[in-house]
Structures are given as C-alpha cells and as structure tokens.
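Below is one structure; the comments refer to it alone.
The values are calculated or read from the model by the stated rules, or taken from the named source; none is laboratory data. What you see is a predicted model, and the numbers here were worked out from it, not measured in a lab. Reconstructed Cβ throughout: ideal geometry from the backbone, glycine too, with neighbour counts over all protein chains shown.
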Amino acid sequence: MRGPKLNSTVSVVKINENLIEFFKTNTRSQIRIKVNNNTIYELVNSLDGEKSVDEIAESFSTTPEEVERLVLFLEKRGLLDTTFPRDDFIQYEQFRRTIHFVEEYAISHEDLVEMWNSIRNAGVLIIGLGAVGSWVACNLVQSGVTKIYLMDADKVDETNLHRQFGYRYSDIGCYKVDALERRLKEYNKDINIFKCYEFLNSENLDTFNEMQLNLIINCADKPNVDTTSLWVGKYGMQKRIPHIIGGGYNLHLSLIGQTVMPGKSACVNCFKKTLEEENTIDPEKVRKLMVKNRKVGSFGPMCAIVASMIGMESIKILSGKIPPSNINRRGEFNIYSMDIKYKEYGRRDDCEWCGKEGKYFCN
C-alpha cells in the first residue's frame, strides 16, 4: 500500500529549530508550523510515498499515531500528493498539469477526484466563435473539459485568420462550428461536441433546455455585446446556470467580463443598472462622430489573453470548489501599460432580476 507523499510542488524550509515553512509554488502561499522536535523536518522530507506510516514511525522512533496526526495536518492543508492512485484519473499524463493545479485546492485524494470529474463531465456552452470564443474553446479542451456546446452561424472568412483560433485558409467558407470541431478533436479525440448553426437571439437559448449545461460563456457580439449579455444573463438566471460575459477589444483596452453565479453575485442586470447611472451624460455636450463603415481594430494576442482569463475562471467554476475571481467586478486590460484595472459592481437590492423583489431572486 502506498504511503504518504509530500506534494512535488511544495518546498520545505527550516526557518530555525522550532519553525518550519511550507511554500506552495503553484499558488505562492506559505504555511508555517511550530515544532518542538528536531526530527520533524527530516520526517516531512522523507515522505516519498514508498514507506508506510508504520515504517516511517519506526524510522524516526515515534508512534504511528503521531505520524498519522502529522499526515492528517499536512493533508488538510493541501501539502500532500493526492493524485495517487492515478488509475482514478482518465488520461493522467495528458492532463497532469491541470490535475496538479486543481490539487492545490483539494484536501484529499477523494476530493481531488471529485473536482477533476466535475471538470471533465461538465457541459459548457460557448456562444460566438470569434476572436475570444474560439480561444476559450481551445483552453477548455486543453484543460480536460470533454463536453462542449458550440453556437455560431458564421462561416470562416479570410479576415478571421489573424486573430481567431483553429481556422485555416482551407476552412474559408466552412461553418465555424465545423472547422473548430475538427481542430478541437485534434487535441482530444474523445471530446463530445454539440453544434448549433444559429446566431444567438432572444429566444433560441431554449434549444438547450434539455441539455446538460453547467456553464455558459457569452462571446457573441451580434447585434452587440450589451444585448447578447442580457439574453444570456436572463436565461442563466432562469435556469440557475453560472455564466461569464466574455471580453472584447476597443481603443487598446480589452474588457475582462464578469462572472455571474446566480444567487451568489451581482447579475447582468445589476451591472447594467449601475453602468447606466455612471454613464449618464448631458446630451447637449456630446458631438456625434460621423464615421462610415467603422471597423475597430482587433489584435490577436489581446484576444488570446482575455480568453485565457475566461478559461481559468471557467475551470474554477467547473471544479465546483474553487471560488471564481471575477464575481461582482469586471476589468480592463491596457495593452500600452499592461495593467489591469478592476471595478467593483455589487449586487443591488433594487434589481428587477436578483433583488429581494426580483423575478429571479434566490439565496
């Protein structure tokens, strides 16, 4: 039977005779413990998975109960390797980096297996397969998600190739959902792709009523992001499905959209109401800019950065136990300064959706 093993991402530092520090390199967090036994440092570093608790106790002239107590302490703080036995994990070698990231938040082997299975078996709907949505799909499949719903009626155009993932010259004229499916299956042939050849509108989300959706990611900008966000937000609140508002690119700023956890965070309508109050302007002081056929620049690396943030947030949500970061806020990434500025948007009591008198209120 395999014995306890210190996590390979954990470094152990002896501060002095009475203090040991554990440094978790993945999350850059530190845990310090006071000790009154000089052999604890050596004992911890001997946890290589080869020796049983009884063998460790015998080697360090202590009792199995004392070793068990130390092992339990280390396990609860995420300092032990919880990936064994590895036959619990499908395609461990392919996804081991993701698994070891998730492991930082697990308190036991069983806990880790539960989170990993939650990620793998979740259903994710990605709406809009352009400069952000296509990269999001790639990130999720690379991270182990196996059930992806793709929604877009667009066909691949030459102008897509400089900033959107997965599309080639040979795909021009093909539906994006078909071309992207081919690319994603090159990463993992076992994934399940469900395709919807439609643009999002106010009614067609009902298409997914009978399907397993654990997360919706809105990257659609037709007719505009504000409108599609309201459609997705309303559906997500009705069905109690977490949803993420994907970002965009404009004036060398990229929007990092909010994450909505129904009943736990501000909803899309909360953001809308607050933004409307903040952006109230005097129309007499505004001049209209007459620009025909306006085309806003879109920079490939910027789109990929925003998509990576959405992908990371998605994995947290799908794990079921790692708290998402972008609830009640959204950010702007400035390509010039490389800074991200976040602004908080709290849940509103007067919100018609999630306020105490709102139609979708839930605790």
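The condition (being crowded, with 16+ Cβ neighbours inside 10 Å, of a type in the set (Phe, Trp, Tyr) and over 23 Å from Val306 (Cβ atoms)) is satisfied by just one residue among Tyr175, Tyr197: Tyr175. The residues of the stretch 342-360 that are over 19 Å from Asn326 (Cα atoms), in contact (Cβ under 8 Å) with a residue 12 or more places away in the chain and surrounded by fewer than 18 Cβ atoms within 10 Å (Cβ to Cβ), listed by number, are Asp350, Glu352. Here Ser134 fulfils each of the conditions (1) under 20 Å from Ile322 (Cα atoms); (2) surrounded by 20 or more Cβ atoms within 10 Å (Cβ to Cβ) apart from (1). Looking across the stretch 75-121, the residues that are without any contact (Cβ under 8 Å) to a residue 24 or more places away in the chain and within 18 Å of Pro4 (Cβ to Cβ) come down to Arg86, Glu110. Given the structure, is Asn192 modelled with pLDDT of 95 or more, under 24 Å from the mean Cα position of the chain (by Cα), more than 17 Å from Ala307 (Cβ to Cβ) and surrounded by fewer than 15 Cβ atoms within 10 Å (Cβ to Cβ)? Yes; evaluated as a whole, the condition is true for this residue. Would you please list the contacts, defined by Cβ atoms under 6 Å and residues six or more apart or on different chains, that run from a residue in the stretch 165-190 that is of a type in the set (Lys, Arg) to a residue that is exposed (fewer than 15 other Cβ atoms within 10 Å of the Cβ) and modelled with pLDDT under 95? Listed pairs, sorted by first residue: none to list.
Taking the conditions exactly as written (closer than 23 Å to Met312 by Cβ and touching a Ser or Thr at 6+ places or on another chain (Cβ under 9 Å)), does Ile56 satisfy them or not? Answer is no for this residue. Sort out which residues of the stretch 324-341 are surrounded by 12 or more Cβ atoms within 10 Å (Cβ to Cβ) and part of a loop (DSSP other than H, G, I, E, B), and write them in order of number. Within the stretch 324-341, Pro324, Ser325, Asn326, Asn328, Ile335 meet the criteria.
Any residue that is modelled with pLDDT under 90, crowded, with 24+ Cβ neighbours inside 10 Å and either of a type in the set (S, T, N, Q) or outside any strand (DSSP E or B) (or both) - is there at least one of those in the stretch 211-232? No, the stretch 211-232 has no match at all.
Is it fair to say Val141 is surrounded by 14 or more Cβ atoms within 10 Å (Cβ to Cβ) and in a helix (DSSP H, G or I)?
Values: surrounded by 14 or more Cβ atoms within 10 Å (Cβ to Cβ): yes; in a helix (DSSP H, G or I): yes.
Yes, satisfied.
When the residues of the stretch 195-210 are filtered to those that are part of a loop (DSSP other than H, G, I, E, B) and not hydroxyl-bearing (Ser, Thr, Tyr), which remaining residue is farthest from the chain's Cα centre (by Cα)? Restricting to residues being part of a loop (DSSP other than H, G, I, E, B) and not hydroxyl-bearing (Ser, Thr, Tyr), the top hit is Glu203.
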